[in-house]
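These notes concern the structure reproduced below.
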Amino acid sequence: MRDEATYQLALVHRAQNRPELAVPLLIQIIRSQNPTTDLGKKAYDQLAIGQPESILSFEGGQRLMDEAGQAISTQNYPVAIQKLQEARQVFNQLSSFYAQLAESFSGIDGQVSEAERGNALRTSELRDEATYQLALVHRVQDRPELSVPLLIQIVRSQNPTTNLGKKAYQQLFELGFVNSTYPRSRVSRTDSPNN
């Protein structure tokens, strides 16, 4: 009964074009009911319909990134910061929702689970790209106290071996927060100081 009421509430939010309120409810139903039940299937079908014009979508997050890029090009940094923070929030929510869906379908439908896991990865990468751009805006404004925590988040999330992880670490080096470059060039044995 609770999940049926939750489903009806999600439909109301969806009819009001409020996917940011409907999507979490639909995922809650899928997790509670299991995607193999009638109500779980109905909730998943509502998610599958999608609303690309919605802010809570790949396209909505990308629109925010594009608006931030335009603001950066005109040096309107307050607007750029606002749009990048919103994009980070959208992509973070999407990543979390997709990860929850992947977990819900694990052991039930491997193809759906893998697809949702891929979506979670894609949106986490977009979140980290928005975070990187935000760190750069703070750096341009000479605000390393705001840049450094964001750059460290990226290195932790992406791993320092990825392209974005390397770029974030390079920014930390340029800011003087770390003393070593990465990747370090390897010194051959014949060139080492001990030989």
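The values are calculated or read from the model by the stated rules, or taken from the named source; none is laboratory data. Not measured: the values here are computed from a predicted model. FYI the Cβ positions are ideal-geometry reconstructions off the backbone, even for glycines, and counts take in every protein chain you see. The protein model used for the area step is the full one, side chains on, heavy atoms only, and it has no ligands, DNA or RNA in it. Shrake-Rupley method; radii C 1.70, N 1.55, O 1.52, S 1.80 Å.
Once Rg and Dmax of the Cα atoms in Å is calculated for the structure shown, the corresponding label among (i) 21.1, 77; (ii) 16.9, 64; (iii) 16.3, 56 turns out to be (i). Stretched out straight at 0.36 nm per residue, the stretch from Leu11 to Asn76 would grow longer than its current Cα-Cα span by 19.6 nm.
In the chain, helices alone account for a calculated mean residue ellipticity at 222 nm of -25000 deg cm²/dmol, with every DSSP H run of four or more residues adding -39,500 (n - 2.57). Length gained on full extension, Lys41 to Asp109: 23.2 nm, using 0.36 nm per residue less the C-alpha separation.
The candidates Thr131, Thr37, arranged from most to least accessible area with a 1.4 Å probe in the full protein assembly, appear as Thr37, Thr131.
A straight line joining the Cα centroids of segment 93-141 and segment 19-79 runs 11 Å. Once the Cα atoms are used to define both axes, helix 2-15 deviates from the longest principal axis of the chain by about 70 degrees. Spin-label pair Lys167-Glu145: with each label point 7 Å from Cα along the Cα-Cβ axis, the two points sit 2.7 nm from one another. About its Cα centre, the dipole of segment 76-195 is roughly 440 debye, where the only charges are +1 on Lys and Arg Cβ and -1 on Asp and Glu Cβ.
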